[in-house]
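Here the structure comes first, spelled out in structure tokens, and everything after it is commentary.
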Amino acid sequence: MKKNKKSVLVAMSGGVDSAVAALLLKQHGYVVTAVHLVFFNEKKETREKLNQLCSELDIPLVIENRKQEFKKKVIDNFISQYRQGQTPNPCVVCNEKLKFKYLFELADQMGIDFVATGHYARISKNSQEHYLLKRGKDLKKDQSYFLYRILKNDLRRLVFPLGELKKEQTKKIASKELKTEFSSESQDVCFFSKEKDLKEFFKKRKIFFKSGEIIDETGRKLGWHSGLELFTLGQRQGLGISGGPWYVIDKKMEEHQLIVSKNKKHQKLEPQKIEIIDVVWQNENIIVSKDYLIQIRYGSQAKRGRILSSNKHQATIELLETQYAVAVGQSLVVYDDDVVLGGGIIKSYV
């Protein structure tokens, strides 16, 4: 980053990534204001750490309570999607519907030029001066998958200070330049507090699912499940049946039947085409039938595929390399090398 006297609103969670992001922004001349968006009940230590960090960095801290909106738009949506037998990604929903929406609204209200977060992603401009969302340099930590739904017009006001760093570099900067100590990595689903898994999350909220049969491809009964909503395609662990290994290949919601197979390479686990809906394209110059890289879940390897057709609402993707256990409700993101082109929500596959 170049030396800059412009103002920036940086989202801070109390973790090492957002702390180092704020530190780097200040070191590069930005006038930094920190904001903490409260989405759920937090530990007292979180607020204490934020106050300590902002005091150490000598930057103002704004606290915004968004618990009600988070429950409605993220947690309730998460529960609703699971009840339909889907596998949602709450981080994608939160980034689009809440986090960045509120960050830009608050920045506008405060007359602040830019918005920044501690995500491992990058933004650059191409030869036509168009802003591009790109993978972070640390491919193990890259978080561009979660950000594909950010409005392309907002990219020009976004700053990702950690985009060129590896996680270990971030930790070293924090250790060397910040007095505050940081705990281990945050959990995958931020609003899981003491819940160890989905079953416990739903039980705590007195949400129970209908049990049903576990059967194999021939219809042979193998056992009972405690709710289809708690299983995802390709799942092997936690089925509670012997004679395996068994893999979940289908969920028949109306019959409440969980279908399993011993064939890890069953055709239902290795589809050739995927239909996505609620499509968002960062780049309008999508070339049908060109080879792109397709990522079907966070942390999975992006593999070759093509866009067979696309409009404002949906698209059909052909997989040229095997993608294992595609899950309805997850996001599919399309990359051109390391540039995010866009994506959508997986509706179906064949």
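In the chain, the calculated helix contribution to ellipticity at 222 nm averages -6000 deg cm²/dmol per residue, counting -39,500 (n - 2.57) for every DSSP H run with n ≥ 4. Mean separation of Cα pairs under 8 Å and 6 or more residues apart, divided by the residue count, gives region 193-288 a relative contact order of 22 percent. Take every DSSP beta bridge whose two residues both sit in the chain; close to 70 percent of them are antiparallel. Taking all Cα pairs closer than 8 Å and separated by 6 or more residues, the relative contact order of the chain comes to 15 percent. For residue 216 and residue 250, the difference between the fully extended length at 0.36 nm per residue and the C-alpha to C-alpha distance is 11.2 nm.
Stretched out straight at 0.36 nm per residue, the stretch from residue 7 to residue 72 would grow longer than its current Cα-Cα span by 20.2 nm. Protection proxy ranking for 107-116, 141-150, 93-102, using the average of other Cβ atoms within 10 Å per residue and placing the highest first: 141-150, 93-102, 107-116. The label point for residue 56 and the one for residue 105, both projected 7 Å from the Cα toward the Cβ, are 3.2 nm apart. Helix 16-27 and the longest principal axis of the Cα set of the chain meet at an angle near 30°.
Percent of Cα pairs in the chain per distance bin of 10 Å, from zero to the largest separation: 5, 22, 30, 25, 14, 4, 0. Of all DSSP beta bridges confined to region 7-177, the antiparallel ones make up roughly 25%. Neighbour counts of other Cβ atoms within 10 Å put 246, 281, 224 in the fewest-to-most order 224, 281, 246. Dimensions of region 7-177 along the principal axes, based on C-alpha atoms and rounded to the nearest Å, stand at 48, 46, 34, largest first. Taking 1 over the mean of 1/r across every pair of different Cα atoms in region 270-349, what Kirkwood radius in Å do you get? This gives a value of 12.0 Å.
Every number here is computed from the coordinates shown, using simple stated rules; none is lab data. Predicted model, so just to flag it, every value in this text is computed and none were measured. Note: ideal-geometry Cβ built from the backbone for every residue, glycine included; neighbour counts use all protein chains shown.
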